[in-house]
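Report on one structure; see the data block that follows.
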Amino acid sequence: MHHVPSLTADKSGKTYWRSLDELADTPEFRQWVATEFPSQAEKLLSSSRRGFLKIMAASFALAGLGAATGCRRWPDQKIAPYARRPEDRMPGVAEQYATAFEIAGIARPVLATAMDGRPIKIEGNDQHPASRGAADVFTQASVLELYDPQRNPAVAVPADQDDHHAADQHDWDAFQQFAAEHFAAYKTTGGAGLAVLAEAGRSPSVAAMKAGFDAQFPNADWVEYESISADNEFAGTELFFGRPLNAQLHLDKAKFIVSFDADLIGSHVDALRHARDFMVGRNSVDDDDPTMSRLYVAESSFTLTGAAADHRQPVPASDMHALAHLLWSRLSGNTPKISSDQADALVPPAAAEQLVKELSTHHGQSLIVAGANQSAQVHALCLAINQLLGNIGKTLTFTAAEERPSHADAIAQLTKQLNDNEVSTLVILGGNPVYDAPADLDFPAALAKAQTRIHLSHFHNETSDACDWWLHRAHYLESWADGRDTRGVVTITQPLIQPLYNGRSVIELLALITGDEITAGDAIVRHTLARLDETAWRTAVHAGFVADSADPTVAVGNRGYSPTDPPQPAAATELNFRTDLGVYDGRFANNGWLQELPDPITKITWDNVAIVSQRQADLLGVKNGDLIKITVGKQSIDIPAWIMHGQPDLSITVQLGYGRTHAGHVGNDVGVNVNTLRATGNMWVVPDIQAEATGDDYQLASTEHHHAVETDMLQEMLDTRVDKLVREADSLEKFKQHGESTFHEHHAVDVKLQQFDSPVSYDGHKWGMAIDLNKCIGCNACVVACQAENNIPIVGKSQVAIGREMHWIRIDRYFKDNSHRKDGNSKATDPQMAYQPVTCHHCENAPCEQVCPVAATTHDSEGLNAMVYNRCIGTRYCSNNCPYKVRRFNYFDFHARDPRNDGNTAPFIDFPDQQQLKQVDEMHRNVYNPEVTVRMRGVMEKCTFCTQRITAARITARNEFVAGDRETDRVEDGQIVSACQQTCPTQAIVFGDLNDPNSRISKLQPSTHENTHGHARAYTMLDELNVRPRLNYLGRVRNPGGKPAGAAPHNADGSTETH
């Protein structure tokens, strides 16, 4: 177990820390930091003479093979020019098309970039109101899925009905011939015995096809199911208003936001819009009279929304009903249904008093929200509070929703029909119900009773394996479709490439089943939107959506709802299921970019875990990685434990989407399938579970200790310096009072000497970047965008475990103590969370450049710290000398290496430059950005500030100048947008020219001797090292409002750090 020390016990106590190991300064943490750059000299010198000679002989042999590259003829490569260049296309010039990506029935508008007809990059559609240019990790990673070699290659039917692993491959003609006869028979009976199980969707074309299906098969059943659903929200609106409605949250209009387990800016289906709107209320912190909205969060496990909160309270999910009822009672003047002691245990009295006062005095300016995991009663309670506060119609509006059974009830009814032999043919459109249907239904056994089972899917997954026919589904970048965003805007999906595996879309399959005369996807969508004339149609396709097509707001009124008494606060341990922020519900399990993406909360990769509190871990007798057995009824799983700050003691949280068996090579057997513990009545929260240690452990790959900015050389300086890596004003009032001094302090180590030669003066462009920590929500979108843009490889779990992940951007997650006692001591039981993206700082006094023996890293004419890959000989001196730990080394040719290979990789016995051509799948190579070099083994790499985009903007400016379209060929501010900046949902990243005094980046620089009017929140990391970084940060400001009782005394500058 960890001994968590008092944070105020001594002068060197940490204010920010990454993990319990770092806070307690355990031997394990010290060992990791000490061995981040291990030396192999000791192992070599300690070996026997015989062993030494073996190693040297092998080295000489490999060196001789490598030397052959210098005296050989370069292999022939053929290039053929266009005989006829396609109209309106310039070879090598990227083009963008508006399209849309649908998840769980909600269209996500995107701009897809194609190079010579090959999609290579996804961005948000800046014209669409849902994204406004932002994109999440799923959207960014979708291009990798397009080129996944394991997508279904053809139509297939089992060769042996008893052996679904042996299958005959067919083409669509074979299925079409089968379907024509098979479904014609059902038309004679009106479709009796026929059922369709579809994913959620609001596509106008699918709705039109469904209407045609119902007309031809009136006795057939159409069932909708999603394992991650907003059904509780709909049930709550029906309970309160008498009909299901879609709630539309207007965070930009709310001054006070209260969340009961709602991850508004993380896992919520409208998270991109919410994140941008939330920042509207935070951006005014830099005004002359700063103001900020305030966010209160009660949650059963840390989320991105909880990390952004001004007040956060860990509360078991089972107690949210009692907490929401307590708030309603105090606002409405009713008597609370729980005792004062129980109320004080749920929320600190001072915080509760402050919240009630603020909500009562700001009618129409607040917003109360419940999470998808909360019951209909909690959602209805929140609606009652919103109505009481006058928020409905202002910060909360509603649009009409389709009346349908809940997804859990719908699949339960279908399972019953299957078991009763009422369904002879089941057509499954997408989804994976064999994997994620509630376990108590035993859906796989019921499915087997259908005589004919047809599944349309991107991959041959668990459900495909249980079906007679599995049909390849076209990727959204290969197909025509339409959909609606959360507010009903009709959004169009158009293809950028012909189907790579001859797949078909949902609407095309439905047309085939019904025998519709219109069978092509584009014709179906055009027919559905026939109300648009040709000009409007072309405008909609070009923009990606139909203007003025949002759902109208509906008038609402309370039908006389009266809140029910809440259950008493929980006394037993509960189990919470959470949407995974990497693989979602498991549909992205075969996407290596998302598997290797560190979870923003736990920093775990390639696995899911059971999140427990420190107290719970002590009771179970486990540490990180120890397996615990969780039992629900007769079902149980073994899953590794992970101790988490801020986790309620009576709550264990697990992530959905893992434990797949038919995901594909990358996603198979990764993590634990927790769906086996879900039931129709407990899809999100299971009360009163059993948990116990198994005595076994499990290897996890976490990045929370990786690249810690701490070395022996800097330790003394780190212990005494006043500046922090993450700088934060703990209240808006203190920031108003002390201003710039809140983030700028005198150095404990006064550095006056010039470290190296004086920096060059850059007279042309001088590129720089600023990251606003007040806006960063830790969503990881920038990490995946950078990976897609810059051809960053996947390395696999075994390599991540030893610190070899290759991401150019890392998002450091820090905790900060937030639980002070009257005696001044505190423990890390309820900390705040902060994020800090870190990438190459492009230092003007770059330490990496001074130690490279071959000048592989050097400055270019505009001040970028550039990498010359063909000079690099892999000494790794630059990485060892980088104070920010942002350089990444290719220990293997990771692009050619299998990420699931946990053992040693056999050496490639051929010329090194041929390895990727011979070992990387030809289809997978299509995902590479041709504007960025694909690095090989032995080469160092790191952030380039998207130099390829800088070059492209420079060429464009020059061409426009020559054509007379502009007065100068100088790149204008805003013309260059880095990949991370473009995708950021909160616009936390700014890039530009520091030599342009009117640029945004110039106005976000810290104060210096040369610049005495810098931005009040701007600072540079490790500025006492005098490396003069081109990347700076804007400090974070929290807005907790009134001073909590028993709070620690503040220093004169407004900070709470102890010195």
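What's the ranking of 209-220, 328-339, 493-504, 804-815 by average number of surrounding C-beta atoms within 10 Å, highest first?
Values: 209-220: 15.9, 328-339: 14.3, 493-504: 19.0, 804-815: 21.8.
Put in order of decreasing packing, that is 804-815, 493-504, 209-220, 328-339.
Could you give the radius of gyration (one decimal) and Dmax (whole number) of the Cα atoms in segment 80-133, in Å?
Every Cα atom of segment 80-133 included, Rg and Dmax give 14.1, 44 Å.
Give, as a single signed number, the net charge of other residues whose beta carbon lies under 14 Å from the beta carbon of residue 176, with Lys and Arg counted +1 and Asp and Glu -1.
Result for the neighbourhood of residue 176: -4.
Quote to one decimal, in nm, the extra length available between residue 83 and residue 416 on full extension: 0.36 nm per residue of separation minus the C-alpha distance between them.
Working: separation 333, 0.36 × 333 = 119.88 nm, distance 6.14 nm.
Taking 0.36 nm per residue and subtracting the Cα distance, the gain is 113.7 nm.
Between residue 533 and residue 207, what FRET efficiency follows from the Cβ-Cβ distance if R0 is 22 Å, with the result rounded to 0.05? Show your work: numbers first, answer last.
On the way: r = 22 Å, r/R0 = 0.99.
Approximately 0.50, to the nearest 0.05.
I'd like to know which of 600, 549, 636 lies farthest towards the positive end of the charge dipole of segment 540-692, counting +1 on Cβ of Lys and Arg and -1 on Cβ of Asp and Glu.
So the residue we want is 636.
How big, in percent, is the set of alpha carbon pairs in segment 630-693 lying more than 20 Å apart? Could the numbers behind the result be given before it?
On the way: 676 of 2016 pairs.
Here the tail beyond 20 Å accounts for 34 percent of pairs.
Considering just Cα atoms, how many Å³ per residue does the convex hull of segment 375-448 enclose?
Values: hull volume 10.3 nm³, N = 74.
Dividing the Cα hull volume of segment 375-448 by its residues yields 139 Å³.
Taking the mean number of other Cβ atoms within 10 Å as a proxy for protection, how do you rank 866-877, 666-677, 891-902 from highest to lowest? Before the final figure, lay out the partial values.
Working: 866-877: 15.8, 666-677: 21.1, 891-902: 18.2.
Descending mean neighbour count gives 666-677, 891-902, 866-877.
Evaluate the Kirkwood expression for the hydrodynamic radius of segment 544-614, namely the inverse of the mean inverse distance over all pairs of different C-alpha atoms, and round to one decimal in Å.
On the way: mean 1/r = 0.0570 Å⁻¹.
Taking every pair of different Cα atoms in segment 544-614, averaging 1/r and inverting gives 17.5 Å.
Starting from 0.36 nm per residue, how many nanometres of slack lie between residue 214 and residue 252 once their C-alpha separation is accounted for? Walk me through the intermediate numbers first.
Values: separation 38, 0.36 × 38 = 13.68 nm, distance 4.18 nm.
Fully extending the segment from residue 214 to residue 252 adds 9.5 nm.
Using r as the Cβ-Cβ distance of residue 909 and residue 855, and R0 as 25 Å, what FRET efficiency do you calculate, to the nearest 0.05? Display every interim value, and only then the final one.
On the way: r = 31 Å, r/R0 = 1.25.
E(calc), rounded to 0.05, equals 0.20.
Could you pull out the pairs from 629/775; 449/797; 253/766; 766/797; 603/918; 724/775 whose alpha carbons sit more than 30 Å apart here? Write out the running numbers ahead of the final one.
On the way: 629/775 39 Å; 449/797 39 Å; 253/766 38 Å; 766/797 38 Å; 603/918 34 Å; 724/775 18 Å.
In this structure, 629/775; 449/797; 253/766; 766/797; 603/918 exceed 30 Å between Cα atoms.
Restricting to DSSP loop positions (anything but H, G, I, E, B) with no more than 10 other Cβ atoms inside 10 Å of their own Cβ, which GluC sites (Glu not before Pro) remain in segment 477-538?
Numbers: sites: 478, 508, 517, 534; in loops: 517.
The qualifying sites are 517.
In Å, what is the Rg of the alpha-carbon atoms in segment 576-702, and how long is Dmax?
Rg, Dmax (Cα atoms, Å): 13.7, 38.
Mind ranking 927-935, 699-707 by how tightly packed they are, going by the mean number of other C-beta atoms within 10 angstrom, highest first?
Top of the packing list down: 699-707, 927-935.
Suppose every K and R has +1 on its Cβ and every D and E has -1 on its Cβ; what is the size of the dipole of segment 296-349 about the Cα centre, in Debye to the nearest 20? Could the numbers behind the result be given before it?
Values: 3 positive and 5 negative charges, 27 e Å.
Dipole size: approximately 140 debye.
For segment 576-702, what is the relative contact order in percent, using Cα pairs closer than 8 Å and at least 6 residues apart in sequence?
Details: 278 pairs, mean separation 45.3, N = 127.
Answer for segment 576-702 is 36 percent.
Which value, in Å to one decimal place, does the Kirkwood hydrodynamic radius take for segment 307-395 when every pair of different Cα atoms is included? Display every interim value, and only then the final one.
Numbers: mean 1/r = 0.0739 Å⁻¹.
Computed over segment 307-395, the radius equals 13.5 Å.
Ratio of alpha-carbon Rg to the 2.2 N^0.38 Å globular estimate for segment 231-400, to two decimals, please. Present the calculation step by step, with values, prior to reporting the outcome.
Details: Rg = 15.0 Å, N = 170, 2.2 N^0.38 = 15.5 Å.
Computed over Cα atoms of segment 231-400, the ratio equals 0.97.
Read the figures in this text as sums done on the coordinates, not as results from a lab. Given the structure is predicted, the values throughout are model-derived calculations rather than measurements. Every residue, glycine among them, receives a Cβ derived from its backbone with ideal geometry; neighbour counts consider all protein chains shown.
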